[in-house]
Amino acid sequence: MGKKIKILITGSSGFIGTHLVEIALQQQFEIYAMVRKSSNTKYLENANIVYGDINNAQSLFSIFSDFNENNVTIDYVIHTAALTKSNSKKDFFATNYHGTENLINALKKFNIIPKKIIFISSLAASGPVKAKDQIKVSHQNPITLYGQSKLQAEQLIKNSGLAYIIIRPTAVYGPGEKDLYTVFKFINKNINPVLGNHKQELTFIYVRDLVRLILRATISEVKNEIYFASDGKIYDKHAFSIAISNALNKKPVNIKFPLAIVRIVAFFSQYISAITGKTSPLNLEKYNELVAESWNCEMTKTTHHFQFQAKHDLETGVKKTAEWYKQNKWI
């Protein structure tokens, strides 16, 4: 039997990270799962747990110093750790930008140079486009602080001197996801909030499909490229709630909220969040995302380079997600 490929995964206890670790282990990779000491490691059985925080450079030094002392050679690094919600530009950049900077510096300091670093960015780094248009890799107009922090972190990766692949997933859903899960909760109560009557072109990807793509890209010969990740389909703004309604066998009442009202609520939610320090699910940046015309991203390059085809469309992926939520008593 050949030597196992060793992969260090940051953010291993997160939504994408837990699925990534599980499938990577199934594919016989040797996984070093980086987590903070406060993290839940329930889903990381059979991985090598290493305790570190990308916001704490010294903790990374400790990990890589131990690797050197124990002759651990890391073949690939998959960097999924990120902050996705905050009221503060400083917080977003502290984790998504400076945390990435800390990781790169630590790898170089201890001469742990992987064959490739795979950076999990976001479609938010590109930003939306007008209806009937398509987001290209060259499109860089993020409309949120999160997207801005991811885009600037991408630049760090590109300038690091390390071989890299950057993946920009669209909206990711699946078992264990907590943001889009809110829609499942509403529809399970037979309520479907409809925000505005504008049209939108949306894209999604089921988490297990994303993970398969990440691992395929990791061990490929491709390097120094940027890719989008979606299931390859375009959906209207009602498709997600319809898929959930079908999966839960519900017929929810549509409650419509005019965009003017939504914007006012977003404004006051953001104001209250700034005072309380608690992140609101609706703020002005989220509002801008909700009214954006199109999140349709160009997938030809991804499909061609990795022979990638999603196994789940929205209906099949949402059905599996709903089953998981029910089995785990989330709904």
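The values are calculated or read from the model by the stated rules, or taken from the named source; none is laboratory data. Since the structure is predicted, the reported quantities are computational estimates derived from the model, not experimental observations. For neighbour counting, all protein chains shown are included, and Cβ atoms are generated from backbone atoms with ideal geometry for every residue, glycine included.
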Kindly evaluate residue 287 against the criterion of being under 24 Å from the mean Cα position of the chain (by Cα), surrounded by 17 or more Cβ atoms within 10 Å (Cβ to Cβ), free of Cβ contacts under 8 Å to residues at least 40 places away in the same chain and not in a loop (DSSP other than H, G, I, E, B). yes
All but one of (1) at negative phi; (2) touching a residue at least 12 places away in the same chain (Cβ under 8 Å) hold for residue 132; state the number of the condition that does not hold. (1)
Residue list for the stretch 15-37, restricted to those being under 19 Å from residue 63 (Cβ atoms), modelled with pLDDT of 95 or more and not in a strand (DSSP E or B): 17, 20, 21, 24, 29
Considering residues of the stretch 242-272 that are assigned to a helix (DSSP H, G or I), among the polar types (S, T, N, Q) and at pLDDT 85 or above only, the residue nearest to residue 292 (Cα to Cα): 245
Quick check on the stretch 290-312: of everything there that is among the hydrophobic types (A, V, I, L, M, F, W, C) and modelled with pLDDT of 95 or more, which residue is surrounded by the most Cβ atoms within 10 Å (Cβ to Cβ)? 297
Taking the stretch 52-62, which residues are surrounded by fewer than 19 Cβ atoms within 10 Å (Cβ to Cβ) and either in contact (Cβ under 8 Å) with a residue 24 or more places away in the chain or of a type in the set (A, V, I, L, M, F, W, C) (or both)? 55, 56, 57, 61
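Any idea which residue in the stretch 243-267 is farthest from residue 279 (Cα to Cα), counting only those that are in contact (Cβ under 8 Å) with a residue 24 or more places away in the chain and of a type in the set (Gly, Ala, Ser)?
Initially, the stretch 243-267 is screened for residues in contact (Cβ under 8 Å) with a residue 24 or more places away in the chain, giving 243-248, 250-259, 262-263.
Still in the running and of a type in the set (Gly, Ala, Ser): 243, 245, 247.
Values: 243: 28, 245: 28, 247: 30 Å.
Filtering first and then ranking leaves 247.
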Filtering the stretch 70-82 for residues that are of a type in the set (Val, Ile, Thr), part of a loop (DSSP other than H, G, I, E, B) and closer than 17 Å to residue 19 by Cα leaves a count of 1
Could you list all residues from the stretch 224-258 that are aliphatic (A, V, I, L, M) and surrounded by 15 or more Cβ atoms within 10 Å (Cβ to Cβ)? 226, 229, 234, 239, 242, 243, 244, 247, 248
Taking residue 199 as meeting all but one of (1) closer than 14 Å to residue 295 by Cβ; (2) surrounded by fewer than 16 Cβ atoms within 10 Å (Cβ to Cβ); (3) modelled with pLDDT of 95 or more, write down the number of the exception. (3)
Can you confirm whether the stretch 227-235 contains a residue that is touching a His at 6+ places or on another chain (Cβ under 8 Å) and either modelled with pLDDT of 95 or more or of a type outside the set (A, V, I, L, M) (or both)? yes
So which strands (runs of 3 or more DSSP E) stay within the stretch 93-208 end to end and still have 2 or more residues that are of a type in the set (Val, Ile, Thr)? 116-120, 164-169, 191-195
Filter result (among the hydroxyl-bearing types (Ser, Thr, Tyr) and either assigned to a helix (DSSP H, G or I) or in contact with a His (Cβ under 6 Å, 6 or more places away or on another chain) (or both)) within the stretch 38-69: 59, 62, 65
